[in-house]
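The values are calculated or read from the model by the stated rules, or taken from the named source; none is laboratory data. Every value quoted in this text rests on a predicted model; they were computed, and no experiment measured them. Neighbour counts are summed over all protein chains in view; Cβ atoms, including those assigned to glycine, are modelled from backbone coordinates with ideal geometry.
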Amino acid sequence: MTLSLRLASHVADHPADALSATTLDAAKRALLDGLGVMLAASGLSEDAAPFTALALAGGSGPAPLVGREERVGLAQAAFANGALSHALDYEDAFDAAPSHPNAALLPAAFALLHAARPVSGRALLAAIAVGCDLSCRLGLSLTKRAEDLGWYPPPMLGAYGATAAAARLLGLDARQTVDAFSLMLCQATMPGEIKYSRDTVIRAVREAFPAQAAVQSAQLAAAGVRGFEEPFEGKAGFYRLFVDGHYDPDVLLDGLGETFWIERLSFKQWPACRGTHPFIEIAERLVREHAIAPDAIAEVIATGSPVQTMLVEPIERKRAPAVPIDAKFSIPFTVAAALVHGRVTLESFTPDRLNDPAVLAVAAKVRFVESDAWGRDAGAAGTLTIRLSTGETFEETIEEAAGHPSRPLSDDQLRAKFIDCAGQAHRPMARDAAERLADAIFGLEASEDSAGVLFAIGSRPFPAKAGQG
């Protein structure tokens, strides 16, 4: 059996009933969090608006647009909802191989709940768990950094997890799943240039492309389009193309079907890149404990791993970002926002806040020092040092930012985040409605029709209160 067929057989055949309670709970947490973030983006993200408009221009269909009442075709819904999933940079992350494994998966899955046959809650949770796990495994198996060859791997890795979930939801067999992976290989790329251009917002909406491609790849495979025998390990397959063949198949297969990496996700307390989180957390705490006045700050030093250098380069742009997504990928800006306003929230990245003179003044005082103390790829650790004009110095180190599995957000915290996000949707959801939807998601495995449970994504099972949409 080829490596690709072995992976596909697992995707197609692993029984939903064999998933442990902890894996199912992890999938429910990912579903709740991801849906909430998309709901908020539907009302807050201007960057995603052209993607929604293009989906609507394609005509009506069965699949809902998150946070709205309109429905469009399956691929169009995945495209529009995919643009929402990372637009606020607030969704879950996999720190061990830095990526967002559910950002493309959930929009693709939401679309395919409306393909034909009802999908039970357990079947949806299994598709999420299996797809997320594959994405994480692909990242862990790399022994060469795709970034070093000019790629930007998070949406590329997530594309195959999304395809796995789509294949399960359409009931593809193992060979058809290999075909779907092959068709994704023909589409899923993301150039590293996404990090370097000052005015682009592609980094915010990037998951639109793999989400749509996952739906189309699975649909075409179901229609009989034959792919390659070895889309992953082939002589011109995924690993050869993107990391010059540098990967470890043992890491990819270790514990397959027994260990599900969805149980090791990090959930975000702050709507910014995970690499900024240790510094935000320290800055917020130091302001609370010491009442540091912004104009008293002489210098701020953030010490982190080499992988975090992308959050400070080029330093001039990161100190004064032009677009929200660049601000979310900036240690100087996020630290300054925390020091000036005491908290980093969704409102920290509005146009007014991007031009806040007080924040920009502090951001100009932030510099970065690279250290290997936590390892080259430790993306959620760091030390923050604040020196005041009086000479007084405050310093703190965090080895894992809040939200990591070792410091997890509780179900109650995720529920509160979901309710806050749902209230900021294009069509805001009333608090009691959001609470009922959260309850429904936490009990989703008992449902025979997950689309019915999640109908609030695009319609009115839980009417908003007067004045809310």
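Results, tabulated for the structure shown:
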| quantity | calculated |
| --- | --- |
| Helices (runs of 4 or more DSSP H) contained entirely in segment 326-372, each with at least 1 residues that are touching a residue at least 40 places away in the same chain (Cβ under 8 Å), in the same structural domain as I292 (by TED's automatic domain parsing) and farther than 18 Å from I282 by Cα | 357-363 |
| Looking only at segment 130-154, and only at residues there that are of a type outside the set (D, E, K, R) and assigned to a loop (DSSP other than H, G, I, E, B), the one that is farthest from F94 (Cα to Cα) | G150 |
| Single match in A165, A180, A129, A146 (criterion: touching a Phe, Trp or Tyr at 6+ places or on another chain (Cβ under 7 Å), crowded, with 24+ Cβ neighbours inside 10 Å, modelled with pLDDT of 95 or more and closer than 23 Å to A97 by Cβ) | A129 |
| Qualifying positions in segment 275-290 - surrounded by fewer than 24 Cβ atoms within 10 Å (Cβ to Cβ) and either touching a Leu at 6+ places or on another chain (Cβ under 7 Å) or under 27 Å from T23 (Cβ atoms) (or both) | V287 |
| From T23, T2, residue being farther than 30 Å from A416 by Cβ, polar (S, T, N, Q) and at pLDDT 95 or above | T2 |
| Count - residues of segment 191-204 that are in contact with a Leu (Cβ under 9 Å, 6 or more places away or on another chain) and either hydroxyl-bearing (S, T, Y) or crowded, with 24+ Cβ neighbours inside 10 Å (or both) | 1 |
| Per-region count, segment 388-420, residues closer than 17 Å to H277 by Cα and of a type in the set (K, R) | 2 |
| Residue that is surrounded by 24 or more Cβ atoms within 10 Å (Cβ to Cβ), without any contact (Cβ under 8 Å) to a residue 60 or more places away in the chain and over 30 Å from A402 (Cα atoms), where the choices are A223, A214, A188, A218 | A188 |
| Members of segment 268-321 found to be over 17 Å from S348 (Cα atoms) and of a type in the set (S, T, Y), listed by number | T303, S305, T309 |
| In segment 347-374, the residues that are crowded, with 19+ Cβ neighbours inside 10 Å and of a type in the set (S, T, N, Q) | S348 |
| Of the criteria (1) assigned to a loop (DSSP other than H, G, I, E, B); (2) at pLDDT 95 or above; (3) of a type outside the set (S, T, Y), which one E395 fails | (1) |
| Residue in segment 109-127 that is part of a helix (DSSP H, G or I), touching a residue at least 60 places away in the same chain (Cβ under 8 Å) and under 14 Å from the mean Cα position of the chain (by Cα) present | no |
| Hey, A167 touching a Ser or Thr at 6+ places or on another chain (Cβ under 7 Å), in contact (Cβ under 8 Å) with a residue 24 or more places away in the chain and within 20 Å of R6 (Cβ to Cβ) or not | yes |
| Filter pass, D412 being exposed (fewer than 14 other Cβ atoms within 10 Å of the Cβ) and modelled with pLDDT under 95 | no |
| Verdict on G379 being farther than 17 Å from V300 by Cβ, not assigned by TED's automatic domain parsing to the domain that holds E91 and not basic (K, R) | yes |
| Qualifying residue in segment 304-325 (condition: assigned to a strand (DSSP E or B) and touching a strand residue (DSSP E or B) at 6+ places or on another chain (Cβ under 8 Å)) | yes |
